[in-house]
1. I need the fraction of alpha carbon pairs in segment 62-146 separated by more than 19 Å, rounded to a whole percent.
2. Which one, Gly182, Asn166, Phe95, projects farthest toward the positive side of the charge dipole computed for the chain from Cβ point charges (K/R +1, D/E -1)?
3. If we count trypsin sites (Lys or Arg not before Pro) as exposed when they sit in a DSSP loop and have at most 16 other beta carbons within 10 Å, what is the longest stretch of the chain that avoids them all?
4. Using the 2.2 N^0.38 Å rule of thumb for compact globular proteins, work out how segment 1-91 stacks up: its C-alpha Rg over that value, please.
5. Relative to the longest principal axis of the chain, what angle (0 to 90°, nearest 10) does the C-alpha long axis of helix 232-248 take?
6. Under the rule of -39500 (n - 2.57) per DSSP H run of 4 or more residues, summed and divided by the residues of the chain, what mean residue ellipticity at 222 nm is obtained, to the nearest 500 deg cm²/dmol?
7. How large is log10 I(q)/I(0) at q = 0.08, 0.12 Å⁻¹ when the Debye formula is applied to the Cα atoms of the chain, each weighted equally and without solvent?
Amino acid sequence: MPPRNLPTVIEIKGKQLIIWEDIDNKFLRACLAEFLAMHLFVLLCCGCAMVTLNITNPNLMMVAASFGFGILTLAQIFGPLSGGHINSAVSLGLFVAGRTSLVKTVCYTLSQMLGSVFGALFLWAIFGSNWPAARAFGSNSWDTSVFTGGQVFFAEMLGTALLMFNVLSTIDIPSEGGGPLGVYPIAMSVMVAHLFLLPIDGCSINPTRSFGPSLVAQWAGIPGTYASQQAMFWFAPMFGAAVAAFFYGEFPRPHLGLIATAGTD
């Protein structure tokens, strides 16, 4: 039962939002899965970026592919346990779209934040504080002499909106597991977003992915602007995901019939 005076579902201008659900063993297992998925995402994908950028002739595709195929691998593993959000912006977008509850969105975000910190701590343990490339463990930041905050906000918003549209349209395919391609389209949207955003700010589109490396880089005393710019990598992706989820719901898809939501939570 929800806490006193807290409704399970509320309706705002014809849209139903799920507020509460039972916090049982399945719910807690899903939170643990999100923690582990984010831990591995930061460890492996940011770690791949640190290694790739240290070679003689790195290129954008190498780093973008690390993140895209990293999401593909982890979503395949943890999707059956938690829906494989692995991104607090995605969790928020699914709430705005009426696919998951507010309490799950909050708990997933906290689990992802903790997993991100542990992933970055593992990177610190492996690479130390003096690794030549991507020293701040893959933290996001931008050069203020090249890009303004408004430009970065707009770019991050668009990149996250692309991901959110892809998540919703993939899970709405009326076939178990999102159709024959599964989570592949979502992973490719992550890769495309990285190809677009890497030269701008290192590509976040994922607030909790940005959180851990930035915090641990501060603990390690690594200089940079990543800490003072951290708020951008929360507000822009969250805004982009929420806007995408809202507008996605405004376009009817009569061919879908009953929406398949089993793969989202």
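The numbers here are math on the coordinates, done by the rules we state, and not lab data. Just so it is clear, the model here is predicted, and its values are computed rather than measured. All Cβ positions, glycine included, derive from the backbone under ideal geometry; neighbour counts span all protein chains shown.
1. Counting every Cα pair in segment 62-146, those more than 19 Å apart make up 54 percent.
2. Ranked along the dipole, the leading option is Phe95.
3. Formally, the longest exposed-site-free interval is 14-265.
4. Computed over Cα atoms of segment 1-91, the ratio equals 1.50.
5. 30
6. Working: 9 runs with 151 residues, N = 265.
After summing the helix terms and dividing by residue count, I get -19000 deg cm²/dmol.
7. Taken in order of the listed q values, log10 I(q)/I(0) reads -0.31, -0.69.
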